[in-house]
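The values are calculated or read from the model by the stated rules, or taken from the named source; none is laboratory data. Computed from a prediction, not measured in an experiment: that's the story for all the values here. Here Cβ is always computed from backbone atoms with ideal geometry, including for glycine, and neighbour counts include all displayed protein chains. Keep in mind that these areas ignore ligands, DNA and RNA; they rest on the heavy atoms of the full protein, side chains included. Shrake-Rupley method; radii C 1.70, N 1.55, O 1.52, S 1.80 Å.
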Amino acid sequence: MSTHRNDHGQHTHDQRTQVSAGAMVPMLALEAYTRARVSRSDSHLIRLRVSAVNECRFCTAMHRRDARKDGWDDARIVAAEDWPAHAGELSEGDLTVLRFADAITHIRGEDSVSDQLWDDVVRHRGEAGTGQLLMEAVTINAWNRIAVATRKDPGSLKGVRREDIDPVRPR
């Protein structure tokens, strides 16, 4: 495996061999399940946040692009990716979805998703919606792990802007 520096001076690795097509079948089924059941807004919240937490450049770039296509501006994207610093800019329902995504991503045993958090999600999104949001977070965590392990190149995505790959964020 060779390494080099890209046009931005960052240390990069060559993309690795991809997962077999047969192994992708269940992933694509999860993707279809969540797309049919989770609102675009909640999907963007979860996919942006989880991909940012997992430092998956490929998925983060993809979901920035997708959110922008659905009318999200940079401020909303940043708020989703770094909600603790932008909590005042988000609704209580959105904050609950983001807390839930964090709890599922940073799993540390059964106490990771507290009864209080679960009940809050149910209050905001309903019983069925809570299960669907759980599967959305599971799905993007799995995609992040595949993309990171295989070193998917975010520059290979169509319609992605340079800022989607390497955003300039105020400190």
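Couple of notes before you dig in:
- Surface composition of the chain: carbon plus sulfur atoms contribute 53% of the solvent-accessible area (1.4 Å probe, protein chains only, all chains present).
- The calculated 222 nm mean residue ellipticity attributable to helices in the chain amounts to -20500 deg cm²/dmol, summing -39500 (n - 2.57) over DSSP H runs of n ≥ 4 and dividing by all residues.
- The chain - accessible surface per residue (Å², probe 1.4 Å): 55
- Distance between the modelled labels on Y33 and R108, one decimal in nanometres: 2.8 nm (7 Å Cα→Cβ projection).
- Rel. contact order, % - alpha carbon contacts under 8 angstrom, at least six apart, segment 65-131: 21
- Overall dimensions of the chain, expressed as equivalent-ellipsoid semi-axes from the Cα gyration tensor (√(5λ), whole Å, largest first), are 27, 20, 15.
- Mean-position separation - Cα centroids, segment 18-39 and segment 62-106, in angstrom: 22
- From most to least packed by mean Cβ count within 10 Å, the peptides 139-146, 121-128, 46-53, 108-115 give 46-53, 139-146, 121-128, 108-115.
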